[in-house]
Amino acid sequence: MSATSTTEETGPTQTGPSPDQPVHAPRDDARVLGDLAPEQVRVRFPPSPTGNLHVGNVRSALFNWVFARHYGGTFVLRVEDTDAGRNLAESYQVLYDSLTWLGLTWDEGPGVGGPYAPYVQSERGDVYRDVAARLLESGAAYRCYCTREEIEAREALLPKGAPSGYDGFCRDLPAERVEQLESVGAPSVVRMRVPDGDIVFDDLVRGEVRFAAEHVPDYVLVRANGEPLYTLVNPVDDALMEITHVLRGEDLLPSTPRQVVLYEALARIGVGPGRTPRFGHLPTVLGGGNRRLSKRDKGSGLAEYREQGYLPEGLLNYLALLGWSIAEDRDVFTLDEMVEAFDVLRVNANPARFDPRKCEAINASHIRLLDTTTLTEALVPFFVSADLVADPPTPEQHALLAAVAPLVQERIQTLSEAVGMVSFLFVDDAALQVEDGLLTAQSGPALTAARDALAGLETFDAASIEAALRAALVEGLGLKPRLAFGPVRAALTGRKISPPLFESIELLGRESTLARLDAVR
Ligand code: GLU
Ligand code: ZN
């Protein structure tokens, strides 16, 4: 934390809804919209292109998108890449691909354009220079010539407990002094002149939030080298892009009072429509312990979920639960249902813990909801990248995948799990590896009996296979079902656990079944 972010120590005052309040307070669109018509709602998702999207950011994107769709408003994608050193060209594409995969389509932004283009901040340098000049001219901002050493030396002289941060030394430098400094080319930053008085706003999630002005020092808008900072460009673009609502993570709450001050200054100099957006700070997402889920934590990056075979709707459903729920008695819902029911005033302010197991379970529920065709298509890329089918699959491979889909549907939590579970259907008989320890000398009689029973079958379907195997192994050899079918499963699938055995054998077909039983006997 920099010395200027003092809200951590003092904490803003909040009077949010208490957690015990009934969840179903009546919708209060007047509080959310004020005098806006619903379709005038304009929200934004402003990520930095740092590569893999953090799931906390995905949650912010989701809530903004749902909010926009609920009211029939506009969802803007804006890329905040003024910190140029960190951005790799492919990170932009990762960002666009990620949102597209999630289905969080944007109405304005890179690729689609819009009335406030460009939407990539590195292309908006002129805009920021112009606004900074106007802020200086109006007196809302001023040039500060202090070196870091000078600021720190003065800070060291302050009495204990005094608000820290920049002391306003250059606020009212005499004109001659400024001229003199400029004539020798003294470097300067641009600072915001933060007015006295408390900064108060009605947070749509947390209720009234109040910051004492003494904890909001005059902060830097433009670096000495002319680079505009996040503190400037983010509110300037919100103003110019006529953003009406800002839903974002609670970690950004300390910067909100500075932004509120800037929006008000921008309104006075005629930048944007002169309206400060309404804020809603979404609850912190906790990882292990009581720490925020950090970029370094496993499970924090979107790419992992895609690779493991999460469905976008499953992941989004889980992320919605980090702060919002459709009902007390129901966790699983579609994006459409969420759009219909979403109410930002029902977002809970309490930190939400990221629970990977629950996330997986919600995803599993969404897999169960798919029809066979959709599930088959969703499985294809996983079988392609495992080299089990051609790209695209041959018609036979496709038909086999379609037959497999209903067998795995109730058994997988993520799509990638299907690969290991049914790879036995896609490999050559000779290439099948049986996991160690599944077959022993005692397996012999069961395998022989199974082979004989199956060889003689007239119709090779699951029901006939089951009847034949039960007759031969359970009744014939007097084996308990587990001992009877375990070796057969191992010989045919290579694994201890598989989709239902008799259906699997039907899909494997007579020829492969007999070949595999012969090979291990
Ligand atoms: N670029 C900022 C971030 O990704 C935007 C924060 C905001 O929503 O205002 O943290
Ligand atoms: Zn100064």
The chain: relative contact order in percent, alpha carbon pairs under 8 Å with at least 6 residues between:
14 percent
Please label the shape of the chain as rounded, prolate or oblate, based on the square roots a ≥ b ≥ c of the eigenvalues of the alpha-carbon gyration tensor (a/c under 1.5 means rounded; beyond that, a/b larger than b/c means prolate, else oblate).
prolate
Please compute the contact order of region 373-521 in relative form: average sequence separation of alpha-carbon pairs under 8 Å and at least six residues apart, divided by the residue count, as a percent.
28 percent
Charge tally for neighbours of GLY287 with beta carbon under 11 Å away, counting Lys, Arg as +1 and Asp, Glu as -1, is +4
Would you mind working out the accessible area per residue for region 420-489, using a 1.4 Å probe, and quoting it in Å²?
54 Å²
At R0 = 25 Å, FRET efficiency that the Cβ-Cβ distance of THR147 and GLU176 yields, to 0.05:
0.75
Run the accessible area of the chain with a 1.4 Å probe and give the carbon-and-sulfur part as a rounded percent.
51 percent
P(r), alpha carbons of region 370-521 - 10 Å bins starting at zero, rounded %:
11, 41, 33, 14, 1
When every alpha-carbon pair in region 144-223 is counted, what percent end up more than 14 Å apart?
70 percent
Considering only the other residues whose Cβ falls under 11 Å of the Cβ of ASP297, what net charge follows from Lys and Arg at +1 and Asp and Glu at -1?
+4
5 angstrom amide H check on ALA141, placed H, neighbours 5+ away:
LEU136, ARG193
Using Cβ-Cβ distances only, list the Cys residues of the chain with no partner cysteine under 4.7 Å, sorted by number.
CYS146, CYS359
Just to be sure I understand: if I project the alpha-carbon convex hull of region 151-278 onto a plane and average over all orientations, what area do I get in nm²?
9.6 nm²
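What is the antiparallel percent of DSSP beta bridges lying wholly in region 179-281, to the nearest 5?
65 percent
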Counting DSSP beta bridges with both ends in the chain, the antiparallel % (nearest 5)
60 percent
If each DSSP helix of 4+ residues adds -39,500 (n - 2.57) and the sum is divided by the residues in the chain, what number results at 222 nm, nearest 500 deg cm²/dmol?
-12500 deg cm²/dmol
Any idea which of PRO159, ALA490, LEU315 is furthest toward the positive side of the dipole for the chain, if Lys and Arg beta-carbons carry +1 and Asp and Glu beta-carbons -1?
PRO159
What's the local net charge at LEU247, with K and R +1, D and E -1, over the other residues with C-beta under 15 Å away?
+4
Just the projected area, averaged over all directions, of the convex hull on the alpha carbon atoms of region 204-353: how many nm²?
12.1 nm²
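The values are calculated or read from the model by the stated rules, or taken from the named source; none is laboratory data. Just so we're clear, the structure is a prediction, and the values are computed from it rather than from any experiment. Cβ sites come from the backbone with ideal geometry, for glycine too, and all protein chains shown count toward neighbours. Heavy atoms of the whole protein, side chains included, go into the accessibility calculation; ligands, DNA and RNA do not. Shrake-Rupley method; radii C 1.70, N 1.55, O 1.52, S 1.80 Å.
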